[in-house]
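Some notes on the structure that comes next.
The values are calculated or read from the model by the stated rules, or taken from the named source; none is laboratory data. Here the structure is a predicted model, which means the values were calculated and not measured. Cβ coordinates were reconstructed from backbone atoms using ideal geometry, including for glycine residues, and neighbour counts include every protein chain displayed. Accessible surface areas use protein heavy atoms only, side chains included; no ligands, DNA or RNA. Shrake-Rupley method; radii C 1.70, N 1.55, O 1.52, S 1.80 Å.
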Amino acid sequence: MQIAHHIGAHGIDEDRLLKSTLRNADVLVKNSIAAPGPGKYRSLIRTTIQGLDGAQSAPGTRDVLLDSIVEDDRARRLLLANGNFICVPNRVFEHGAFYPQAEPKVRALRSLFPGDDLSLFFAIRHPATFLQDLLRRPKATTFASILGITHPADIRWADVLRRIQAGAPDAQLTVWCEEDTPLLWPQLIRRYTGIPATAPILGGLDALDGLMQREGFNELRDQLNANPGASEIARQNMIADCWEAHAIPGADDAEIDLPELDAGLVQAMTETYEADITEISAMEGVTLVLPFT
């Protein structure tokens, strides 16, 4: 079976990809794609992995899990999503590393589904806005306690992706930047679900909610409907042009208001992030989805 798991990162998706995916329930059923509710598998997979305690899963574990998760015996692809799969937000920088549990958690996931075609989906974002989101969460503590000994300028997503790859070297890993999400959303839905390129999808503009005025949505839908055979780049250009023309003022501004991050440090983090993206784009076994490419 194909198993696609969207495993993070924190503060980027918040189940938005899953919600957009579920709008296509009829298409999923027609294509034998199972998208169970998170309540059927999140705690089940978490407790099963905890029970392994680093050991390999016993024979038959995979079949027991799938029997509990998937109701349709004809399903050929299973969609899972859990932004807290690797860890809860307060443990992101545990032991002086960025997502140190990425490798053991992914290795355990691979152990649960040893013979299946596993694909992992992971989104990244500017480290400054990532930190700001962590600190705005209900159980957040202080800037220093969350980061520990990690320096903000040393936050590297490429390191996290290498840990993920080490946990499941044979898994397909798809990555994108949160900042590009509105342009990539239809493509990301298709990549995650495996819905054929010829099948229409719903929810392709969901990532623009709150960013674009209503008349812009109507204009963009009319353009896309009038050009069903447009290439991916052409579609992204339509989205970008409409978004620019009908943007809600200030909706896309990522203002950093953490006193620990001054302008100079944010600039250094920006340079690190840009270098990180360049490095990730060259990583073997990683598909970095970028707009206009």
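Laid out as a table, the results:
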| quantity | calculated |
| --- | --- |
| Some residue of the range 16-30 being of a type in the set (A, V, I, L, M), in contact with a Ser or Thr (Cβ under 7 Å, 6 or more places away or on another chain), assigned to a strand (DSSP E or B) and open to solvent by less than 10 Å² (accessible area, probe 1.4 Å) | no |
| Test for A240: is it open to solvent by less than 40 Å² (accessible area, probe 1.4 Å) and free of Cβ contacts under 8 Å to residues at least 12 places away in the same chain | no |
| All helices (runs of 4 or more DSSP H) inside the range 109-207 with 2 or more residues being among the aromatic types (F, W, Y) | 181-193 |
| Condition met for V88 (out of contact with any strand residue (DSSP E or B) (no Cβ under 9 Å at 6 or more places or on another chain) and among the hydrophobic types (A, V, I, L, M, F, W, C)) | yes |
| So E274, is it open to solvent by 70 Å² or more (accessible area, probe 1.4 Å) and assigned to a helix (DSSP H, G or I) | yes |
| Total residues in the range 61-76, condition open to solvent by 20 Å² or more (accessible area, probe 1.4 Å), in a helix (DSSP H, G or I) and out of contact with any Phe, Trp or Tyr (no Cβ under 6 Å at 6 or more places or on another chain) | 5 |
| Which numbered condition D53 misses (of (1) over 30 Å from L205 (Cβ atoms); (2) surrounded by 12 or more Cβ atoms within 10 Å (Cβ to Cβ)) | (2) |
| Flag for G148 being over 30 Å from A25 (Cβ atoms), surrounded by fewer than 19 Cβ atoms within 10 Å (Cβ to Cβ) and either of a type in the set (G, A, S) or at pLDDT 95 or above (or both) | yes |
| Any hit, the range 129-141, residues being of a type outside the set (V, I, T), open to solvent by less than 40 Å² (accessible area, probe 1.4 Å) and under 17 Å from I280 (Cβ atoms) | yes |
| Total residues in the range 151-192, condition among the acidic types (D, E) and open to solvent by less than 60 Å² (accessible area, probe 1.4 Å) | 3 |
